[in-house]
Structure formats: structure tokens, C-alpha cells
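Notes for the one structure printed next.
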Amino acid sequence: MTSRLVAVTFQVEDPAPPAAFWGALLDRPTVEEPDGVLLPGDATQVGLRFVTAGVPKSGLNRVHLHVTSSSPDDQRRTVETALRLGGRQIDIGQRPEEGHVVLADPGDDELCVIEPGNRFLAGCGFLGEVACEGSRAVGLFWRDALGWPLVWDEDGETAVQSPAGGTKVAWSGQPPEPGPWADRQRLDLATTDVGAEVARLVALGATRRDGQEVDGGVELADPDGVAFRLTQG
């Protein structure tokens, strides 16, 4: 048994604007939920979820999204579309010679529009990457938790990808800075047997957060101490 990745979840002040932005940018439907909005994924493109923030944002996100482009004109059109939908350009220290364009969505979460010809994201689809801070141990944990192949493992950096291909989930090799804001982004999983899957994930290196029952499931932490959720489904 393995868990199914339902969505990458972002806690934001108001879920509606970023959900509308990403729904339009990715051409996906938005599904209203009791505590936010879900943009369902599929076999090759990960889902996104936006929920009301538990803590205010502080500094750069631990997780951000990369969208791809097929040509310089396509990259320019994607940037123009993102700006028209409510995004804005930001400076996080990127160098002029770097080919990607850094933006923030209406929820103030960073994203990058990647330059054409990027080999790492070749064939990954429009939502090419979920880029995370995290140790190599976390990448290996998620390989086993999701049952996805490890498609990158160099200099501490790791990435996994669905056996069907599509969006990569990658880790930088460096654990995130501690603090309550580190949990503003998380992975949401589903499984048919929560109890058995919790036991399996704990055996792989997760820890259970006592008393954190959520939506018929539980909240756990990965080997870096970052929260994720497991629910029935």
C-alpha cells in the first residue's frame, strides 16, 4: 500500500484569489471545499489546494511552483498571462543571466516561469515542478511513501516523479528553516486504510503529531519535521 498525492496545499490569507489565478493559468476547474479551494490534479499533473492560513507568511516560501515554456515567445505569453491574472514580478535575488522569470501569485506565493530548453523539466508538462527545501533523507522518504521513482539524486538534491511522468517534486538538499511558517505549505495524501498507512509511514521515518486529527485522518511530519496530512480517500 502507498499513499496517493492529492495536492500540494498552500495556506494563504484568502484562498479565492490564488485559486482563481492558478485555475485560469493551468486551465483547471476549481472545487470549493469547507476550508478552501482544490484544483484537482491527474495522473501526471499534481493537484493544488489553497486554504486559510494558520500563521502569517514570513520570508520566502519553503515550497514554490515552476511552470514551463516551449519557446521565448511562449515564456513571454505565460508571464503576460500571469500578470493579467493578478500576479506580479518580484526580486528574490535572481541574477540577470538566469533565464527564468520570478513572479508572485495573488496569495503572495512565489512561482517561476522556466526558460525554454530546460532539460530537467523536459516532458514534465506545464506545471513542471514543485520545488521544496528539504534534505536528501526527505526525498528518499517521499520516494518510498508515494512509490514514485527517484529521478534525481545528486549533491544532496533529489526529485521524485509519478511513474506516469509529469510534475516533479524536488528537494534542495537543505532542510527548511524552523518556525511555524514552515508548515504553510504541505503535501496532502489520501489512502484507503489510514491506520495501516500511518504505521507504514512512521516505519519509513515519519512522526505522528499527537492530537492532530484532520478530516478523518491524521497530521504527520516528514524526517525534516515538516507537516503533511493523510486522510481517508
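The values are calculated or read from the model by the stated rules, or taken from the named source; none is laboratory data. Everything quoted here is computed from the prediction, not taken from an experiment. Note: ideal-geometry Cβ built from the backbone for every residue, glycine included; neighbour counts use all protein chains shown. Areas reflect the complete protein model, heavy atoms only, side chains present, ligands, DNA and RNA absent. Shrake-Rupley method; radii C 1.70, N 1.55, O 1.52, S 1.80 Å.
Distance between the modelled labels on D144 and Q174, one decimal in nanometres: 2.7 nm (7 Å Cα→Cβ projection). For segment 59-168, state the average projected area of the convex hull of the C-alpha atoms over all orientations, rounded to one decimal in nm². Over every viewing direction, the Cα hull of segment 59-168 projects on average to 7.5 nm². Averaging Cα coordinates gives a centre for segment 54-82 and one for segment 5-44; these two points are 15 Å apart.
Here's the picture: a label point sits 7 Å out from the Cα of F126 along the beta-carbon direction, and within segment 23-56 the residues with their amide nitrogen under 12 Å of it are 23-29. Using only side-chain charges placed at the Cβ, +1 for Lys and Arg and -1 for Asp and Glu, the dipole size of the chain relative to its Cα centre rounds to 240 debye. DSSP beta bridges fully contained in segment 117-233 are about 65 percent antiparallel.
Couplings 3J(HN,Hα) for segment 201-206, derived from phi with the Karplus relation 6.51 cos²θ - 1.76 cosθ + 1.60 (θ = phi - 60°), are 5, 5, 5, 7, x, 6 Hz, where x marks Gly and Pro. Normalised by the number of residues in segment 43-167, the mean separation of alpha-carbon contacts (under 8 Å, six or more apart) gives a relative contact order of 31 percent. In terms of its alpha-carbon gyration tensor, segment 111-233 comes out prolate; a/c meets the 1.5 threshold, and the first ratio a/b outweighs b/c. Given +1 at the Cβ of Lys and Arg, -1 at the Cβ of Asp and Glu and no other charges, the dipole of segment 35-162 around its Cα centre is 260 debye to the nearest 20.
When DSSP beta bridges are restricted to pairs lying wholly in the chain, around 70% turn out antiparallel. Residues in the chain average 46 Å² of solvent-accessible surface per residue, probe 1.4 Å, ligands and nucleic acids excluded.
Once a ≥ b ≥ c are taken as the square roots of the eigenvalues of the Cα gyration tensor of the chain, is the result rounded (a/c under 1.5), prolate (a/b larger than b/c) or oblate (a/b not larger than b/c)? The shape class here is prolate. One quarter of the convex hull surface built on the alpha carbon atoms of segment 104-144 amounts to 4.2 nm², the projected area averaged over directions. Of all DSSP bridge pairs formed entirely within segment 55-146, close to 80 percent run antiparallel.
FRET efficiency for the pair V55 and E154, taken as 1/(1 + (r/R0)^6) with r the Cβ-Cβ distance and R0 = 35 Å, rounds to 0.60. Rounded, prolate or oblate: which fits segment 37-114 when a ≥ b ≥ c are the square roots of the eigenvalues of the alpha-carbon gyration tensor, with rounded for a/c under 1.5 and prolate only if a/b beats b/c? Judged from the Cα gyration tensor, segment 37-114 comes out oblate (a/c at least 1.5, b/c at or above a/b). Other residues whose C-beta falls under 15 angstrom from the C-beta of D14 contribute a net charge of -4, scoring Lys and Arg +1 and Asp and Glu -1.
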